[in-house]
Amino acid sequence: MATATTEKPIKPITVNGITGNEPAPDDHAKYLVWKVVHRHNTAVPLALEEEQAWNGYISAEAATEQAWQALDTTHTTDWAAAHHRWVKAEQALDTAVRRWESAAAALEQAFDDAHWGDRTYEFYEEVTRQAGIRELLCANRPTSPWQTLDVERRRREREQLAGKTLQHLPA
């Protein structure tokens, strides 16, 4: 779930006194409420972890870009050190992406909305809208940054360019 500070907060919900922690009711109408609230509230800690991992990815991406841009302005004598900083930034980016992918997969598994009907979606959207909190629907989350931003292809291209430069640096 791409996260920005302007988005609605991720918080647990309570509907008509139902928190989702109590046993599931036998009444069909109350069960629908309980199911939605339980599913959402169970996923809240995982959504917060996923949000933190996404923000870590964004920070790592910015650091990688900064390190890459620094190679353009670094003096030849310092280029190998700047290149090493870029390589380390790429490794940190890889770690951040893997962490985000893991957190997103855990959230998706916990908040499996695949079998929800239209009525359930509409109820969930209404409840979260009234509460002023973010929906945790699986359909709202982006694909992996590896797919979305094509990080791996960009890295390969940059490694080839940097390799050519390294070959021509004075010894």
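Go through the stretch 154-171 residue by residue and tally those that are in a helix (DSSP H, G or I), more than 26 Å from the chain's Cα centre (by Cα) and surrounded by 11 or more Cβ atoms within 10 Å (Cβ to Cβ). It would help to see each step written out before you state the result.
Narrowing the stretch 154-171 to residues in a helix (DSSP H, G or I): 154-167.
If we keep only those that are more than 26 Å from the chain's Cα centre (by Cα) too, we end up with 160-167.
This time we only want the ones that are surrounded by 11 or more Cβ atoms within 10 Å (Cβ to Cβ), so: 161-162, 165-166.
Qualifying residue count, the stretch 154-171: 4.
Scanning the stretch 105-121 turns up at least one residue that is closer than 30 Å to Glu65 by Cα and either at pLDDT 90 or above or surrounded by fewer than 16 Cβ atoms within 10 Å (Cβ to Cβ) (or both). For His38, the conditions (1) closer than 26 Å to Asp150 by Cα; (2) in contact with a Gly (Cβ under 7 Å, 6 or more places away or on another chain); (3) without any contact (Cβ under 8 Å) to a residue 40 or more places away in the chain are fulfilled apart from (1).
Does at least one position in the stretch 12-24 carry a residue that is touching a residue at least 60 places away in the same chain (Cβ under 8 Å) and either basic (Lys, Arg) or in contact with a Gly (Cβ under 9 Å, 6 or more places away or on another chain) (or both)?
First, the residues of the stretch 12-24 that are touching a residue at least 60 places away in the same chain (Cβ under 8 Å): 13, 15.
Then keep just the ones that are either basic (Lys, Arg) or in contact with a Gly (Cβ under 9 Å, 6 or more places away or on another chain) (or both); that gives 13.
Yes, there is a match, as at least one residue in the stretch 12-24 is touching a residue at least 60 places away in the same chain (Cβ under 8 Å) and either basic (Lys, Arg) or in contact with a Gly (Cβ under 9 Å, 6 or more places away or on another chain) (or both).
Taken as a whole, the condition of being in contact with a Lys or Arg (Cβ under 9 Å, 6 or more places away or on another chain), under 21 Å from Thr95 (Cα atoms) and either in contact (Cβ under 8 Å) with a residue 24 or more places away in the chain or of a type outside the set (Val, Ile, Thr) (or both) applies to Glu50. When every residue of the stretch 51-70 is checked against the conditions, none turns out to be modelled with pLDDT under 90 and more than 25 Å from the chain's Cα centre (by Cα).
In the stretch 150-163, the count of residues that are of a type in the set (Gly, Ala, Ser), farther than 30 Å from Tyr31 by Cβ and modelled with pLDDT under 80 is zero. Taking the criterion of being loosely packed, with under 13 Cβ neighbours inside 10 Å and not in a helix (DSSP H, G or I), the only residue of the stretch 57-103 that qualifies is His75. Taking residues in the stretch 65-93 that are more than 20 Å from Leu169 (Cα to Cα), and partners anywhere that are of a type in the set (Lys, Arg), the pairs with Cβ atoms closer than 8 Å and at least 6 places apart or on different chains are Glu90/Arg155.
Applying the selection to the stretch 113-125, what residues are part of a loop (DSSP other than H, G, I, E, B) and in contact (Cβ under 8 Å) with a residue 40 or more places away in the chain? Give the steps one after another, and end with the answer.
If we filter the stretch 113-125 for residues that are part of a loop (DSSP other than H, G, I, E, B), which is where we start, we get 113-117.
Hit for the stretch 113-125 is Asp113, nothing else.
The values are calculated or read from the model by the stated rules, or taken from the named source; none is laboratory data. Quick caveat, the model's predicted, so the values are computed rather than measured. We place every Cβ from the backbone using ideal geometry, glycine too, and count neighbours over all the protein chains shown.
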